[in-house]
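The values are calculated or read from the model by the stated rules, or taken from the named source; none is laboratory data. For clarity, every value in this text was computed on a predicted model and none was experimentally measured. Backbone-built Cβ (ideal geometry, glycine too); neighbour counts: all protein chains shown. Just the protein is used for accessible areas: all its heavy atoms, side chains included, with ligands, DNA and RNA removed. Shrake-Rupley method; radii C 1.70, N 1.55, O 1.52, S 1.80 Å.
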Amino acid sequence: MSKDQGKSVEPLIINREFNVPMQSVFDAWTQAEHLKDWQFPQKGFTCDYVSSDIKSAGSSLHKMSAPNGFEMWLLTKYEEVTPPKGLVFRQYNSNEAGDILPNTQMPNWPKEMRATVRLEEAEGLTKMQFIWEPINPTAAEAVAFEASRDQLGGGWGGSLENLVAYLESL
């Protein structure tokens, strides 16, 4: 739970199960050649990695392009990468140079977001828990995050549905 001056924000939590080995799910989260094939919210989008140094203390820079031509650049800084059990990363809106910028579509969107991906094998499946939360949000950022909660499930939820389909196709 993120807090700012007594204000707390409940994270978005999405759980998924995969009928593939845990290492395959981990690889899909940590290798740009896999990420580019699923890490976008819906069909018609593309994802292009400009750089990827996906390891603890590493970073990556990628662009998501919408069918209407809108581009969104994202800088990711990896806090923990623990094969094959998961990873923790911070994500920021950026430009093509990797400079951190405010979100142009939502001015009060939290400047810094943390994702935690936890993986475990159980009953012949790989179970994944995805946790998405703002880091030290201002009151306005907390309100923006809460107001977008239903859409967040579509954004990350859509990406994770893409991940399910991608892993099944391998």
| task | Have a look at 25, 20 and point out the one that is assigned to a loop (DSSP other than H, G, I, E, B), open to solvent by less than 40 Å² (accessible area, probe 1.4 Å) and farther than 22 Å from residue 98 by Cβ. | result | 20
| task | Would you confirm whether any residue within segment 155-163 is exposed (fewer than 15 other Cβ atoms within 10 Å of the Cβ) and either assigned to a helix (DSSP H, G or I) or touching a helix residue (DSSP H, G or I) at 6+ places or on another chain (Cβ under 8 Å) (or both)? | result | no
| query | Do any residues in segment 28-50 that are without any contact (Cβ under 8 Å) to a residue 40 or more places away in the chain have Cβ atoms under 7 Å from those of residues that are assigned to a helix (DSSP H, G or I), where the two are at least six apart or on different chains, and which pairs are they? | reply | 47/35; 49/32; 49/35
| field | Subset tally (residues that are out of contact with any Phe, Trp or Tyr (no Cβ under 7 Å at 6 or more places or on another chain) and either loosely packed, with under 13 Cβ neighbours inside 10 Å or not polar (S, T, N, Q) (or both)) for segment 83-105 | value | 12
| query | If we scan segment 133-153, do we find a residue that is outside any strand (DSSP E or B), open to solvent by 80 Å² or more (accessible area, probe 1.4 Å), modelled with pLDDT under 95 and closer than 24 Å to residue 37 by Cβ? | reply | yes
| request: Working only within segment 36-72, note down all residues that are part of a strand (DSSP E or B) and in contact with a Gly (Cβ under 7 Å, 6 or more places away or on another chain). | output: 61
| Looking at this structure, is residue 63 open to solvent by less than 70 Å² (accessible area, probe 1.4 Å) and in contact with a Cys (Cβ under 8 Å, 6 or more places away or on another chain)? | yes
| task | State all residues of segment 28-42 that are within 24 Å of residue 145 (Cα to Cα) and open to solvent by 50 Å² or more (accessible area, probe 1.4 Å); if no residue qualifies, say none. | result | 42
